[in-house]
Amino acid sequence: MLSAEGAKCRFPNPSLLLGLDGLTPPAKGARVSFGGGKTKVTDGPFTEAKEVLGGYWMIQVKSRAEAIEWAKRAPMLDGDIIEVRQVQELSDLPPDVLKAAGR
């Protein structure tokens, strides 16, 4: 896992890097699933998982294309994968979800 200092060395503008953290192994996690008006909690490990999220970097950029360019510079190992996603804003949610949330 890349340290915060190591990541900052790769970002010429440190203010782009809002945060990064590693996550504990899935065996120490839990999944909460929803269906039929009920919730179900499943403790890890999750044997059916083919891919595992090991951590995240959060950067502030102007576009998806810029985020991808930064991801291409990351010091990763052969076989590693970076998934680029935007943080969802309240304005991205449909009206029925906003109403249910009291917005």
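Rule-based calculations on the coordinates, nothing more; no lab input. Predicted model, so just to flag it, every value in this text is computed and none were measured. Please note: Cβ atoms are built from the backbone with ideal geometry, for glycine as well, and neighbour counts cover all protein chains shown.
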#### Entry: Which of Ile82, Ile59 has the fewest Cβ neighbours within 10 Å, and the rest in rising order
Ile82, Ile59
### Message
If I model a spin label at Glu51 and Leu16 as a point 7 Å from the Cα along the Cα→Cβ vector, what separation in nanometres do I get?
### Response
2.3
### Query
Treating the beta-carbon of each Lys and Arg as +1 and of each Asp and Glu as -1, no other charges, what is the dipole magnitude of the chain about its Cα centre, to the nearest 20 debye?
240
### Shape call, the chain: gyration tensor on alpha carbons, a/c limit 1.5
oblate
### Message
Among Thr42, Pro75, Ala100, which residue has its Cα furthest toward the positive end of the charge dipole of the chain, with +1 on Lys/Arg Cβ and -1 on Asp/Glu Cβ?
### Response
Ala100
### Task
Going by C-beta contacts inside 10 Å, put Thr42, Thr47 in order with the fewest on the left.
Thr47, Thr42
